[in-house]
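Novice: Just dropping this structure here.
All of the numbers you see were taken from the coordinates with simple rules; none came from a lab. Quick caveat, the model's predicted, so the values are computed rather than measured. When we count neighbours, we look across all protein chains shown, and the Cβ atoms used for this are built from the backbone with ideal geometry, even at glycine.
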Amino acid sequence: MDIWVLVVDDNTANLAMANRILGEEGMRVSCVKSGEAAVKFLQFNRPDLVLLDVHMPGMDGFETLAAIRGDSATANIPVIFLTADDDSETEKKGLQAGAMEFIRKPFVPEVLLLRVRHIVELVRLRAEVAKES
């Protein structure tokens, strides 16, 4: 299964770690350092999934997610929030806003890989079922 992931995080070390973990598993990885850059990237690209940091300067993760969900061309791209927060309110707000999952930072490589694969597989299966209906 070919998987293309866009990673959005203002922290270069987090981008490098996600790129290494996902890349070593054969996934295609694109990285940007801001919500604004993610929105621009998605104007011309359709990755299978977006890993999106909650806390970034400028356009934060919630604002970026709203922009993704607000554009019919990108509204169905699954988003997983990345956060160092251990706060149920942040998680609740993110899920209500349309994030499909949360991954805690620092990443546990196996958890990151499993969640990315599961979400992409789920979205692809839903699309297949919708085509057959």
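Novice: Please list, or write none, the lysines whose alpha carbon is within less than 19 Å of the alpha carbon of Lys33, excluding same-chain residues fewer than 8 places away.
Specialist: The reachable lysines, counting only those whose Cα sits under 19 Å from Lys33, are Lys105.
Novice: Going Cα to Cα from Lys92, which aspartates and glutamates come in below 14 Å? Please leave out same-chain ones fewer than 8 positions away.
Specialist: Result set, ordered by chain and number: Glu101.
Novice: Still on this structure, please answer the following. Please order Glu132, Glu91, Glu24, Glu121 by the number of other Cβ within 10 Å, starting at the fewest. It would help to have the intermediate numbers written out before the result.
Specialist: Numbers: Glu132 6, Glu91 18, Glu24 10, Glu121 13.
Listing Glu132, Glu91, Glu24, Glu121 from fewest to most nearby Cβ atoms yields Glu132, Glu24, Glu121, Glu91.
Novice: Hey, fewest Cβ within 10 Å first, where do Lys131, Lys92, Lys33 land in order?
Specialist: Values: Lys131 7, Lys92 10, Lys33 18.
Placing the least packed residue first, the sequence is Lys131, Lys92, Lys33.
Novice: Same structure, new question: Which whole-number percent gives the relative contact order of the stretch 4-132, counting Cα pairs below 8 Å spaced six or more residues apart? The partial results should precede the final answer.
Specialist: Details: 184 pairs, mean separation 27.2, N = 129.
Value for the stretch 4-132: 21 percent.
Novice: In percent, what relative contact order does the stretch 1-79 have, based on Cα pairs under 8 Å that are 6 or more apart in sequence?
Specialist: On the way: 122 pairs, mean separation 25.9, N = 79.
In percent, rounded to a whole number, it is 33.
Novice: What are the residues whose amide H is under 5 Å from the amide H of Cys31, where those residues sit 5 or more places off or on another chain and H is modelled from the backbone?
Specialist: Those lying under 5 Å, H to H, from Cys31 are Val7.
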